């Protein structure tokens, strides 16, 4: 076999993931070379602050603040800076200089993905991003390669470890969201400012990336409907538990058949959305505990698949980066196709108002004859069909009027019908309060 | 972009999977062409019996009994005949003629894999086999590509749907193995002769394939230790349930550090083995129900991963075949690396006697003073350390002597120490019977 020259690897960023990638690269140098068929040289690590980087115990001679020069001498550039700029400029520079790029930058891909993939295609370079979604879990490659001959119908993903930790703890330890968040912060599962996780921004970025790949269609981040978990109460979680459900923050990507005259030529659209939903306790996603992530894929031929593992963590994410590195490096040695984006389908991206799903609505109502009929009437007014109804009498000694709690499960209904139903329920004289409205997924 | 000529696809076999592959290929022809960047023509389907094949409703003009001629005119050959011959001869012919080969043939890969991969490497052709393990579940590609920069430490796989269905039903419906098998047969989850599934031969083939890939080492099928589930009783399953375990037939592939002077240079060996084991009920594998499969991977950097889905079925397996087809076809259009076998590690393959694991032993003993001390003595004699001991008094009115049931959990022990312990227990005067000896995995 012809000996191939050593490949030159540039690393941008020496944070949590970057430092792990560097040390794994240096530690497993020989093993990686055997798998690739060529040696790999880590030629430099670009950092913003040399002094801070020295603390990470990385070889000092590799550290530089001159990212541009480092990039121009590299075959493969690993971007682990995060955020939009300067990550975007540096990746564009790397691609323009003919280097392949590996990134874990979900924020950048979700907002500037099309620009980056287009440039990569133009210059014949590759952009790998397995680490951007699901940390260590192989999800980009299975969607891109393994299911390449199949049609993905729906994806339900638990793609944010912080919120899964919090919801799992509320469910199993019976603590409030605030207390669960405090524990998550203490254990290092939540950041100092947890807004991006709690409010679903992180999950929405990942939903945009996954949906774009699964449906061969550009899904802009703005078109991803998003609700976080900050309004979820312990009462909702416990009521869900009693009813046989688990509350999970889901990233949902779905192929939807369009009615006549609504869509573009193909008669299909796609939806990407993030919200807390009720998942039946027997569903594989319900067994995803703590800060673990999992992506549940429903494909036409393959049926149901699930990919489970650590969704974050420096070491875990580094594993995904190194997997991409071996693929990129093999491509250098042998040539051939990488993991280019695919946009040929160009399906219509549907707004939340075009989606139908099931709902569970919890009401406190007056406990007197005729109330149930009145409630049922309101659902019928908006063509929302009731599937289950469970009534329990509230034991509130001292309350002026007897009250009952109704938990109502609906058949599939549109967001707009549901919203109108809930509005009428809220203003009804017999309804004391609308306690909870949650979507049900995974049935 | 340069237009590429249509690729010529030959299909060998029109059974359950073959018929599905053919119809998906024909149905999704245009979609596949878009993903590949070239058209694909199914040029023929080789069958043994034209009359039988016509019943599968395949285009009659594609059917042929002349597999050799079909192969010689193809770019990519899909082998779905199964068994050793003529599958082996036909794959060798295809590779020698320069065609890439896609196969779902686990029996052939487990026994003649090295011969096939060697020829493929010599002639520069590719051999894809995602469908050989785990049906629709992408497992070969994640192990080969996604974890290429990581080190796999251990794999615990539920890779046989028939046995998982049976054990799951025993656990959840409380029926005997015979009754569960009858249901499996009725529902089409078990074959007329279920021996290959029940006795673990199918799982052992898959273990050999997975272990070879994960550890970059040839693992001959003969070196895979194998026990089936035919001796598992409902009593064992129910006792396991009470103790917080689920009985699962596991394919276990493990990297094992060798003691001084035992191994080859590297100081590491690998073990591949199949047996029914106790899995803690909180383990993700415990939630794999019915005929589903799942492969749980423990990697150095990635941590714990799990791949879950349908392990069999014509449609599901066809999805994996088509994923391979798109990869193979893209490689034709763009060139580049495929999914070649990797054997550079050449670790020592360890026999069962070199393995240590935990055990759960259930005994019925005489209920009188001194018995516990005598039992403990027997464990100490063989240096098997007891971790847990649960005693319950048997309520057998009419029995001549009072009896108690002991459930003993051990720390890690070697097979030989355990066997000696059990032998001494069985011959001990105070032990009425050794009810069950099961290994515990997944802790």
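Residues in the range A:252-266: is at least one within 22 Å of residue A:189 (Cβ to Cβ), out of contact with any strand residue (DSSP E or B) (no Cβ under 9 Å at 6 or more places or on another chain) and not in a strand (DSSP E or B)? So far as the range A:252-266 goes, no, none of its residues is within 22 Å of residue A:189 (Cβ to Cβ), out of contact with any strand residue (DSSP E or B) (no Cβ under 9 Å at 6 or more places or on another chain) and not in a strand (DSSP E or B).
Restricting to the range B:17-31, and then to whatever is at the interface with chain A (Cβ under 8 Å from one of its Cβ atoms) and assigned to a helix (DSSP H, G or I), can you tell me which residue is farthest from residue B:310 (Cα to Cα)? The qualifying residue farthest from residue B:310 (Cα to Cα) is B:31. Can you tell me which residue within the range B:1-16, out of those that are within 14 Å of chain A (Cβ to nearest Cβ) and touching a strand residue (DSSP E or B) at 6+ places or on another chain (Cβ under 7 Å), is farthest from residue B:330 (Cα to Cα)? For the range B:1-16, the residue satisfying everything is B:11. The set of residues in the range A:67-89 that are out of contact with any strand residue (DSSP E or B) (no Cβ under 6 Å at 6 or more places or on another chain) and over 21 Å from residue A:40 (Cα atoms) comprises A:82, A:83, A:84, A:85, A:86, A:88, A:89. Do the conditions hold for residue A:17, that is, is it over 19 Å from residue A:132 (Cβ atoms) and modelled with pLDDT of 90 or more? Against the criterion (over 19 Å from residue A:132 (Cβ atoms) and modelled with pLDDT of 90 or more), residue A:17 does not qualify. Could you please let me know if residue A:269 is more than 17 Å from the chain's Cα centre (by Cα) and either part of a strand (DSSP E or B) or within 14 Å of chain B (Cβ to nearest Cβ) (or both)? Yes, satisfied. Among the residues here, residue A:274 does not qualify as in contact (Cβ under 8 Å) with a residue 24 or more places away in the chain, within 24 Å of residue B:322 (Cβ to Cβ) and away from every other protein chain (no Cβ under 13 Å). Does residue A:435 satisfy the criteria of being touching a strand residue (DSSP E or B) at 6+ places or on another chain (Cβ under 7 Å) and either assigned to a loop (DSSP other than H, G, I, E, B) or surrounded by 18 or more Cβ atoms within 10 Å (Cβ to Cβ) (or both)? No.
Given (1) within 20 Å of the chain's Cα centre (by Cα); (2) part of a helix (DSSP H, G or I); (3) closer than 17 Å to residue A:290 by Cα, where does residue A:248 come up short, assuming only one miss? The number of the failed condition is (2).
Note on the range A:410-428: residues that are outside any loop (DSSP other than H, G, I, E, B) and either in contact (Cβ under 8 Å) with a residue 24 or more places away in the chain or crowded, with 17+ Cβ neighbours inside 10 Å (or both) total 12.
Residues in the range A:289-337 that are assigned to a loop (DSSP other than H, G, I, E, B), more than 14 Å from the chain's Cα centre (by Cα) and in contact (Cβ under 8 Å) with a residue 60 or more places away in the chain: A:289, A:290, A:300, A:301, A:302, A:313. Residue-level check: of (1) buried (at least 19 other Cβ atoms within 10 Å of the Cβ); (2) more than 14 Å from chain B (Cβ to nearest Cβ); (3) at pLDDT 90 or above, residue A:41 misses just (1). Within the range A:429-443, residues that are within 26 Å of residue A:280 (Cβ to Cβ) have Cβ atoms under 8 Å from residues that are assigned to a loop (DSSP other than H, G, I, E, B) in these pairs: A:436/A:233; A:442/A:283, counting only partners at least 6 apart in sequence or on another chain.
Applying the criterion of at least 1 residues that are surrounded by fewer than 24 Cβ atoms within 10 Å (Cβ to Cβ), over 22 Å from the mean Cα position of the chain (by Cα) and at pLDDT 95 or above to the helices (runs of 4 or more DSSP H) found wholly in the range A:65-178 leaves A:67-72, A:87-96, A:161-173. Selection of the range A:196-223 for residues being assigned to a loop (DSSP other than H, G, I, E, B) and closer than 13 Å to residue A:249 by Cβ yields A:199, A:200. Within the range A:165-190, the only residue that satisfies the criterion of being closer than 25 Å to residue A:304 by Cα and within 14 Å of chain B (Cβ to nearest Cβ) is A:168. The residues on offer are A:250, A:285, A:305, and the sole one that is surrounded by 22 or more Cβ atoms within 10 Å (Cβ to Cβ), more than 14 Å from chain B (Cβ to nearest Cβ) and out of contact with any helix residue (DSSP H, G or I) (no Cβ under 7 Å at 6 or more places or on another chain) is A:250. Please work out if residue B:384 is away from chain A (no Cβ under 14 Å) and either at pLDDT below 90 or closer than 21 Å to residue B:277 by Cα (or both). For residue B:384, the condition - away from chain A (no Cβ under 14 Å) and either at pLDDT below 90 or closer than 21 Å to residue B:277 by Cα (or both) - is met. The single condition among (1) farther than 30 Å from residue B:389 by Cβ; (2) at pLDDT 90 or above; (3) touching a strand residue (DSSP E or B) at 6+ places or on another chain (Cβ under 8 Å) that residue B:209 does not meet is (3).
Being within 28 Å of the chain's Cα centre (by Cα) and under 25 Å from residue B:311 (Cα atoms) is a property that residue B:12 has. Among the residues of the range A:420-438, the ones that are within 26 Å of residue A:238 (Cβ to Cβ) and in contact with a helix residue (DSSP H, G or I) (Cβ under 9 Å, 6 or more places away or on another chain) come to 11 in all. Given the condition assigned to a helix (DSSP H, G or I), more than 29 Å from the chain's Cα centre (by Cα) and under 26 Å from residue A:107 (Cβ atoms), answer yes or no: does some residue in the range A:34-50 qualify? Yes: one or more hits.
The values are calculated or read from the model by the stated rules, or taken from the named source; none is laboratory data. Source: prediction; values computed, not measured. Counting neighbours? That spans all protein chains shown, and the Cβs are built from the backbone with ideal geometry, glycine included.
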